[in-house]
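Encoded as structure tokens, the structure appears first; notes follow it.
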Amino acid sequence: MNTPRGGAVPHILHLHSTFAPGGKELRTVQLINAFGKKARHTIVSAEPERLGAAERIARTIDVRLQPDFPSLKGRPTPGRLQKLAKAMRGFDLVCTYNWGAMDAVMAHTLFKDLHNLPPLIHHEDGFDESELKKLKTSRTWYRRIALGKSAGLVVPSERLEEIALVDWQQPLGRVRRIPNGIDTKAFAMRPKKDALRLIKRPGEYWVGTLAGLRTIKNLPRLVRAFTDLPENWQLVILGEGEARDAILAEADRLQINHRVHLPGAVAQPERVVGLFDIFALSSDSEQFPLSVVEAMAAGLPIAAPAVGDIAGMVSQPNAEFIAPPGDEEELRMALVQLAVSKELRKEVGEANRAKAVAEFDAAKMIATYRRLYSSAMKIDL
């Protein structure tokens, strides 16, 4: 085993496209908290003003936020890439995340030997709108070259694993598929009725979702699919983002704005997800959405399109409520079928809960990441 470069415990550098609360960011927080005092961390965001996920890091952890570090944005000129490479010196491990940090990955590959850089592990969780329908050829070639000296490429989904091996032509030994995991026990607890500012009234039922309010989530589609549910059903969308106005506009157009609620983002989803009766997504693209695992752990049925790994994530009884991608009518029918039968919701929800506990508990995910990072650094975490 190696000795940490900069102190008594290893120092891990995290380079993110953004550190606003989202799937990859909250998984990073989860791992940081799990490693505890066995590691120090420095977190850099390509969008310096978006660091909200850091609020969930335990106060006992040694963490530096947004230090004097070269910008992750800009043209990949040799001079800029060399500056990025030099800034990685002194750490024991570099963790990069998504396309927004790919210049840092390229800098590492080009200058690793010259500057004696630490090992780098890249994490790829999905694509932005520009690669929704088709991978960009220029980005594919860039990734192939940039990942050339990485110690690992971590993906959460089978679809991304296939892309990494086939399109990006990464060697089998470099690619690791690690499904996202959560504290399934926390989501089994019954939430308080006042866990949200929005109060659930007697006789009321909720279709709920947790999502960043981005175009790729296509939440106006969910508003339309929800329209035919009985009057005592409400749609509760938890999250923040630039698509908020479009969601509200669609609710206004359909004259159901009194039944569509956007209370904002929540810091602790385990305290509120259990208020939902059905969990729904309407995304154009996903990979391995953590929100689906959270809803399963809370014992909820899922109505969603078959994007990413969703169809394989849910239990067998839930399979018929996963609609073909982009099929709004099938999504609407899934919601209607689940809404009319409390017994059906209970049966499907219990099967989802059992599968979440068996396959997606955080302990398994954390142990796998701990082994991977320790192996790359040759330092025990």
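The values are calculated or read from the model by the stated rules, or taken from the named source; none is laboratory data. Here the structure is a predicted model, which is why all the values come from computation and not from measurement. Counting neighbours? That spans all protein chains shown, and the Cβs are built from the backbone with ideal geometry, glycine included.
Structural remarks
- Figure legend. Inter-residue proximity from the range 234-259: first residues touching a residue at least 12 places away in the same chain (Cβ under 8 Å), second residues charged (D, E, K, R) and surrounded by fewer than 16 Cβ atoms within 10 Å (Cβ to Cβ), beta-carbon distance below 7 Å, spacing 6+ or different chains. Indicated pairs: Gln234/Glu204.
- Test: residue in the range 88-101 that is free of Cβ contacts under 8 Å to residues at least 60 places away in the same chain and more than 23 Å from Gly181 (Cβ to Cβ): yes
- Filter result for Pro156 (over 19 Å from the mean Cα position of the chain (by Cα) and either in contact (Cβ under 8 Å) with a residue 60 or more places away in the chain or in the same structural domain as Thr215 (by TED's automatic domain parsing) (or both)): no
- Counting only residues that are loosely packed, with under 15 Cβ neighbours inside 10 Å and in contact with a Lys or Arg (Cβ under 6 Å, 6 or more places away or on another chain), the range 131-149 holds 0 of them.
- Being outside the structural domain of Ser285 (by TED's automatic domain parsing), crowded, with 19+ Cβ neighbours inside 10 Å and either over 21 Å from Ala54 (Cα atoms) or not charged (D, E, K, R) (or both) is a description that does not apply to Pro76.
- Selection status of Val357, hydrophobic (A, V, I, L, M, F, W, C), touching a Lys or Arg at 6+ places or on another chain (Cβ under 8 Å) and under 17 Å from Pro289 (Cα atoms): no
- Residue match in the range 105-112 (condition: touching a residue at least 60 places away in the same chain (Cβ under 8 Å) and either under 24 Å from Leu31 (Cα atoms) or among the small types (Gly, Ala, Ser) (or both)): no
- Which numbered condition Pro220 misses (of (1) surrounded by fewer than 22 Cβ atoms within 10 Å (Cβ to Cβ); (2) closer than 22 Å to Gln287 by Cα; (3) modelled with pLDDT under 95; (4) not polar (S, T, N, Q)): (3)
- Selection within the range 258-281: residues that are in contact with a Lys or Arg (Cβ under 7 Å, 6 or more places away or on another chain) and not charged (D, E, K, R). The member of this set that is surrounded by the most Cβ atoms within 10 Å (Cβ to Cβ) is Ile278.
- Selection status of Ile12, modelled with pLDDT of 95 or more, among the aliphatic types (A, V, I, L, M) and in a helix (DSSP H, G or I): no
- All positions within the range 43-61 that are surrounded by 14 or more Cβ atoms within 10 Å (Cβ to Cβ) and over 18 Å from the mean Cα position of the chain (by Cα): Pro48, Ile61
- Helices (runs of 4 or more DSSP H) lying entirely in the range 81-187 (those with 3 or more residues that are at pLDDT 95 or above): 102-115, 137-146
- Some residue of the range 223-237 being aliphatic (A, V, I, L, M), part of a helix (DSSP H, G or I) and in the same structural domain as Leu93 (by TED's automatic domain parsing): no
- For the range 50-71, the criterion of being of a type in the set (A, V, I, L, M) and touching a Gly at 6+ places or on another chain (Cβ under 6 Å) is met by none of the residues.
- Selection from the range 116-155 of residues that are hydrophobic (A, V, I, L, M, F, W, C) and at positive phi: none
- Residues of the range 341-381 satisfying the condition of being assigned to a helix (DSSP H, G or I) and among the aromatic types (Phe, Trp, Tyr): Tyr369, Tyr373
- Residues within the range 4-42 that are in contact (Cβ under 8 Å) with a residue 60 or more places away in the chain, farther than 17 Å from His123 by Cβ and surrounded by fewer than 21 Cβ atoms within 10 Å (Cβ to Cβ), tallied: 5
- Residue within the range 191-206 that is touching a His at 6+ places or on another chain (Cβ under 6 Å), over 30 Å from Ala376 (Cα atoms) and part of a loop (DSSP other than H, G, I, E, B) present: yes
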